[in-house]
Amino acid sequence: MNRSVSTRSFTLALAAFLASCSGGSFRAPPPLASIPLPSGSALRPFDPTHPTRPAPAVIASGPSGSAFVSLTNLDDNFAPGGPGMLVRVQPETGVRTVILPGGADDHACTNSGVVRNDGNLLLVVCAGSFSAQELRGRAVIEVDPATNAPLRKASPPAGFQPSYVASGPSKIWVGDFGSARLYSLDRSTFALADGADESHPAIQLPCPASLTYVADLLVNGNDLFALCGADEGYLVRLDPQSGAVKGDKVLVGAQPTAMTVAGDGRLAVVNSVSGTLTMVTIGAQTMIAEVNFFSFGKSAALQDVRARGQFLYTVASATNTVQKLDLSVKDPAKMLVAEVNTGDGSNPWNILPLDDDQAIVSNFIAGNIVGVDFRKGARP
């Protein structure tokens, strides 16, 4: 190989990399202002006389800067009106690829509202119908983002409606929309483990029994964290191998909806009804929750929180806004450094930061993905 050509190629590559950085911070290509999602007949409604809406929900990151957004594909009654879908999007170009995680059977996966990263793979949760008479369409499905193809599928135990999912070293944990319970899948076989039978029962969380569901799951290190969604919402810590509860649960707020690991190691939890952010310090034996650490106002209807370094990114669906908070600022009253409106009536649901200042947001009612730049929405 010609050494001068090789050196020049390296220099150009390095220059290109440095050009993408500003002040040492990576800059992603600017996302499009709006990316439409499938609509009309492209949503394959079960009944053509009853159209559906994409109703995009959770977003997960993908290879080469791509993102995967789950489409619940609901009708006007917010019931599954077509097959569950996953859409791969390239934020800077808007190029889309539609994936049917349930395969050829349009009823094998419905109401696919959650997608989560699992190493080099993705996990899609198909919640199905909230009607007790319709049990089809409930599943957890593994998808390969390298090929955009579904791989393995697992149906839940009887009586479970899958809500959220988190991957541990040997088990994949799944929550229930109808109770404060968890079941698990064996990672190697994708077969039911906890919850498979009477000898392998599901895990009951120590949360209030009435009007409680599993609002989010997260594995961090040697811990599995579960949110009990209720007017008195709790965070529970478990062993990700056995499902055994570790220590006491802690109260985090009214109707917690999402959590993430912040850059400083604490857990950040957003609460929909109380409109607050709670920060939880995880000790060896205990958890300490700073409830009402930051308040967005009770009308916010918080739906998501993501972390990137010192920053948190939150979604307030009722006010059609997304926020950027700086945890390095010691005064909570001054942590909100930027806020962006996602459009009147858009009902934002999830946010995926692309770099410190840019993100994409799924709009549940508007049925699209929008790009936001917090530098343009920065407050003085």
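The values are calculated or read from the model by the stated rules, or taken from the named source; none is laboratory data. Remember, predicted model here, so these are calculated numbers, not experimental data. In this analysis, Cβ positions are derived from the backbone assuming ideal geometry, glycine residues included, and neighbour counts consider all displayed protein chains.
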Confirm whether Pro156 is surrounded by 23 or more Cβ atoms within 10 Å (Cβ to Cβ) and part of a loop (DSSP other than H, G, I, E, B).
yes
So which of Leu135, Leu151, Leu123 ends up being in a strand (DSSP E or B), at negative phi and over 20 Å from the mean Cα position of the chain (by Cα)?
Leu151
Residue ID - farthest from the chain's Cα centre (by Cα), chosen from residues in the range 205-218 that are within 22 Å of Val125 (Cα to Cα) and crowded, with 18+ Cβ neighbours inside 10 Å:
Leu205
When the range 314-357 is checked residue by residue, the ones that are buried (at least 20 other Cβ atoms within 10 Å of the Cβ), among the small types (Gly, Ala, Ser) and within 30 Å of Arg53 (Cα to Cα) are Ala316, Ser317, Ser346
Subset of the range 344-380 (residues that are modelled with pLDDT of 95 or more, not charged (D, E, K, R) and not in a strand (DSSP E or B))
Gly345, Ser346, Asn347, Leu354, Phe364, Ile365, Ala366, Gly367, Phe374
Answer residue from the range 294-310, given it is within 15 Å of the chain's Cα centre (by Cα) and not β-branched (Val, Ile, Thr) and is surrounded by the fewest Cβ atoms within 10 Å (Cβ to Cβ) among those:
Arg308
Check every one of the strands (runs of 3 or more DSSP E) wholly within the range 284-330 and list those with 1 or more residues that are under 19 Å from Gly229 (Cα atoms).
287-295, 302-308, 311-316
Across the range 166-210, what is the number of residues that are of a type in the set (Gly, Ala, Ser), assigned to a strand (DSSP E or B) and in contact with a Phe, Trp or Tyr (Cβ under 7 Å, 6 or more places away or on another chain)?
3
Checking Gly343, Gly283, Gly265, Gly297 in turn, the sole residue that is of a type in the set (Gly, Ala, Ser) and in contact with a Gly (Cβ under 6 Å, 6 or more places away or on another chain) turns out to be Gly297
Boolean, Ser4 is of a type outside the set (Val, Ile, Thr), over 27 Å from Asp216 (Cβ atoms) and at pLDDT below 50
yes
